[in-house]
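S.K.: Provided herewith is a single structure, encoded as structure tokens, for subsequent inquiry.
The values are calculated or read from the model by the stated rules, or taken from the named source; none is laboratory data. All figures in this text were calculated on a predicted structure; none of them were measured in a lab. No Cβ is skipped: glycine too gets one built from the backbone with ideal geometry, and neighbour counts run over all protein chains shown. When the accessible area is computed, the model is the full protein with side chains, heavy atoms only, and any ligands, DNA or RNA have been set aside. Shrake-Rupley method; radii C 1.70, N 1.55, O 1.52, S 1.80 Å.
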Amino acid sequence: MIRIEMNRVAGDYGFDAKDANGHVIGTDTSREGGGQDYGVRPMQMLLMALGGCSGIDVVMILKKQRQTVTAFKMDISGEREAGKEPSLWKTIHVIFDLQGDIDQTKAERACELSMKKYCSVAETLRRAGAEITWEVKVTA
């Protein structure tokens, strides 16, 4: 069983979240929502989790294929349901931007495998109703 500790540290809504290994991330709501902008919005953290999960998958797959990844970034955007509580992610788009000695076809397949098969965060978001799309860019 995994345990997360939440400790309110800033105003009404600012919390530090500590994982089982002691890593800490600050969370808060917007100033408009009564927060102090202390940390990451929890729903945005889901998109960050998607990027972290998928990024690990993609690098692992490409390393096994002897592809050299010298730089890697992702741009993740999403739209939430309007006028609903709770407001879930409706659409999410990920741009994988890879640099290195990487075959484009292998990069596309690695990203597809992550998003459709290996990334638990992607599957969790999909089961909650999100439509996830992606594109892959490779430069030398």
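S.K.: For the stretch 87-116, give me each residue that is of a type in the set (Val, Ile, Thr) and assigned to a strand (DSSP E or B).
M.R.: Here is the first cut: in the stretch 87-116, the residues of a type in the set (Val, Ile, Thr) are 91-92, 94-95, 102, 105.
Of everything in the stretch 87-116, those that are of a type in the set (Val, Ile, Thr) and assigned to a strand (DSSP E or B) turn out to be Thr91, Ile92, Val94, Ile95.
S.K.: Another question, if that's okay. Determine whether the stretch 117-127 contains at least one residue that is open to solvent by 80 Å² or more (accessible area, probe 1.4 Å), among the polar types (S, T, N, Q), assigned to a loop (DSSP other than H, G, I, E, B) and without any contact (Cβ under 8 Å) to a residue 60 or more places away in the chain. Outline the logic, then answer.
M.R.: Restricting attention to the stretch 117-127, the residues satisfying the condition of being open to solvent by 80 Å² or more (accessible area, probe 1.4 Å) are 117-118, 124, 127.
Still in the list and also among the polar types (S, T, N, Q): 124.
Those still in the list that are assigned to a loop (DSSP other than H, G, I, E, B) too: none.
No, the conditions are met nowhere in the stretch 117-127.
S.K.: Which residues, taken from the stretch 18-39, are assigned to a strand (DSSP E or B) and either surrounded by fewer than 16 Cβ atoms within 10 Å (Cβ to Cβ) or touching a His at 6+ places or on another chain (Cβ under 9 Å) (or both)?
M.R.: The answer is Lys18, Val24, Ile25, Gly26.
S.K.: Continuing with the same structure: From (1) closer than 28 Å to Gly129 by Cα; (2) open to solvent by 40 Å² or more (accessible area, probe 1.4 Å); (3) over 16 Å from the mean Cα position of the chain (by Cα); (4) small (Gly, Ala, Ser), pick out the condition that doesn't hold for Ser77.
M.R.: It fails just one condition, (3).
S.K.: Go through (1) within 17 Å of Thr124 (Cα to Cα); (2) hydrophobic (A, V, I, L, M, F, W, C); (3) open to solvent by less than 40 Å² (accessible area, probe 1.4 Å); (4) not in a helix (DSSP H, G or I) and name the single condition Cys53 misses.
M.R.: (4)
S.K.: Further question on the same structure: Since Ile132 meets every condition but one in (1) crowded, with 16+ Cβ neighbours inside 10 Å; (2) without any contact (Cβ under 8 Å) to a residue 24 or more places away in the chain; (3) not in a helix (DSSP H, G or I), which condition does it not meet?
M.R.: (2)
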